[in-house]
Amino acid sequence: MTSTVNAVANRPSDTVALGHAQGAETSLGAFPEAGMFAVAAAEPEQTGVAGWAVEVMEGLGSWGAGLLIALENLFPPLPSEVILPLAGFAASRGDLHLAAALLLTTLGSVLGAVALYYAGFVFGLERIRRIAGRVPLVKVEDVDRTMSWFHRHGNRAVFFGRMIPLFRSLVSIPAGVDRMPLGTFLVLTTLGSAIWNSLFVLAGYYLGEKWHVVEDYAGIFQKIVIGVVMLAVATWLVKKFRARGANGPPSRNNGA
């Protein structure tokens, strides 16, 4: 078995800057009853987002995965493309329950999105723009682009926005600014988040120790998911119109 640095997060990523343990010989073989989290604790040099995520999930389990995704919504530079596959990897080791990881990460996405929805609702666009200018790695232009995208696409922006990095968080703001009905917002956010989170958690689950390759192909996954969802919606619309056409126009009784 490989060491934690290899099993959990050994890759040259700019997003996840993990320290490589020098001269470490620790392996799962030395901990026959230990899962990913127990071995992670034995690697004090592990740093970066993945190392921090391991610590949170070690302490809080599936709830920790949900908390991390909620924070990812509130602080967009946190990469869900790392957190979600890592949660799936942990589930494949038996450290988390897969169903709980899927449910709670989606719940975390919705709660984080609702917080930003109400921020837009309460503070309005101009104050949000000023706040965004002070958030590291977030630009005021990002908020403006999201507002423009939301105005062009309406409700669809909330659903598909859950599958686009950065927009995934920011799209909740114009929804609040424009007073989108909360029920509509919750339905679209939940559906979009469930699709996106499930893809990445399950990818980490089935890839196991190779979970980290998910981040490298996140852009491809994003296009595939959006394409499949759009195809499904188009198919549903075609069937709906065909069914309406088959029924024909309503007959009119002229009393003749």
message: Looking at ILE173, ILE195 in this structure, which one is of a type in the set (Val, Ile, Thr) and either surrounded by 24 or more Cβ atoms within 10 Å (Cβ to Cβ) or over 18 Å from GLU81 (Cα atoms) (or both)?
response: ILE173
- line: Exception for ALA91 within (1) open to solvent by less than 50 Å² (accessible area, probe 1.4 Å); (2) out of contact with any helix residue (DSSP H, G or I) (no Cβ under 6 Å at 6 or more places or on another chain) falls at (2)
- line: Among (1) buried (at least 17 other Cβ atoms within 10 Å of the Cβ); (2) at pLDDT 85 or above, PRO181 falls short only on (1)
message: Going by what's in this entry, would LEU107 be described as open to solvent by 20 Å² or more (accessible area, probe 1.4 Å), within 30 Å of VAL54 (Cβ to Cβ) and out of contact with any Pro (no Cβ under 6 Å at 6 or more places or on another chain)?
response: yes
- prompt: Does segment 80-88 contain any residue that is at pLDDT below 90, in contact with a helix residue (DSSP H, G or I) (Cβ under 8 Å, 6 or more places away or on another chain) and open to solvent by 10 Å² or more (accessible area, probe 1.4 Å)?
  reply: yes
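Out of the residues in segment 154-167 meeting the condition of being open to solvent by 50 Å² or more (accessible area, probe 1.4 Å) and farther than 15 Å from VAL177 by Cβ, tell me which one is modelled with the highest pLDDT. Before you say what the answer is, go through the steps one by one.
In the first step, residues of segment 154-167 are kept if they are open to solvent by 50 Å² or more (accessible area, probe 1.4 Å); the result is 155-156, 165-166.
So of that shortlist, the ones also farther than 15 Å from VAL177 by Cβ come out as 156, 165-166.
Working: ARG156: 83, PRO165: 73, LEU166: 71.
Per the stated criteria, the residue is ARG156.
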task: Inspect segment 211-222 for any residue being among the small types (Gly, Ala, Ser) and at pLDDT below 75 and give the result as yes or no.
output: yes
- prompt: Does VAL114 satisfy being more than 30 Å from ASP178 (Cβ to Cβ) and among the β-branched types (Val, Ile, Thr)?
  reply: no
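So that you can scan it fast, the table gives a plain yes or no per residue for (1) touching a Pro at 6+ places or on another chain (Cβ under 7 Å); (2) aliphatic (A, V, I, L, M):
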position: HIS151; (1), (2): no, no
position: PRO165; (1), (2): no, no
position: VAL171; (1), (2): no, yes
position: GLY176; (1), (2): no, no
position: LEU182; (1), (2): no, yes
position: VAL187; (1), (2): no, yes
position: ILE195; (1), (2): no, yes
position: LEU199; (1), (2): no, yes
position: GLY204; (1), (2): yes, no
field: Scope segment 88-128; condition small (Gly, Ala, Ser) and within 18 Å of LEU166 (Cβ to Cβ); matching residues
entry: GLY108, SER109, GLY112, ALA113, ALA115, ALA119, GLY120
task: Please find, within segment 125-146, the residue that is modelled with the highest pLDDT out of those that are open to solvent by less than 20 Å² (accessible area, probe 1.4 Å) and more than 20 Å from the chain's Cα centre (by Cα).
output: ILE128
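Yes or no, residue by residue, for (1) of a type outside the set (Val, Ile, Thr); (2) over 27 Å from VAL228 (Cβ atoms); (3) touching a helix residue (DSSP H, G or I) at 6+ places or on another chain (Cβ under 9 Å):
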residue: GLU126; (1), (2), (3): yes, yes, no
residue: ILE131; (1), (2), (3): no, yes, yes
residue: ARG134; (1), (2), (3): yes, yes, no
residue: ALA157; (1), (2), (3): yes, no, yes
- line: Subset of segment 165-179, residues of a type in the set (A, V, I, L, M, F, W, C) and touching a residue at least 60 places away in the same chain (Cβ under 8 Å), comes to LEU166, LEU170
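The values are calculated or read from the model by the stated rules, or taken from the named source; none is laboratory data. Remember, it's a predicted structure, so these values are computed and weren't measured experimentally. No Cβ is skipped: glycine too gets one built from the backbone with ideal geometry, and neighbour counts run over all protein chains shown. Calculation scope for accessible area: heavy atoms of the full protein, side chains included, ligands and nucleic acids excluded. Shrake-Rupley method; radii C 1.70, N 1.55, O 1.52, S 1.80 Å.
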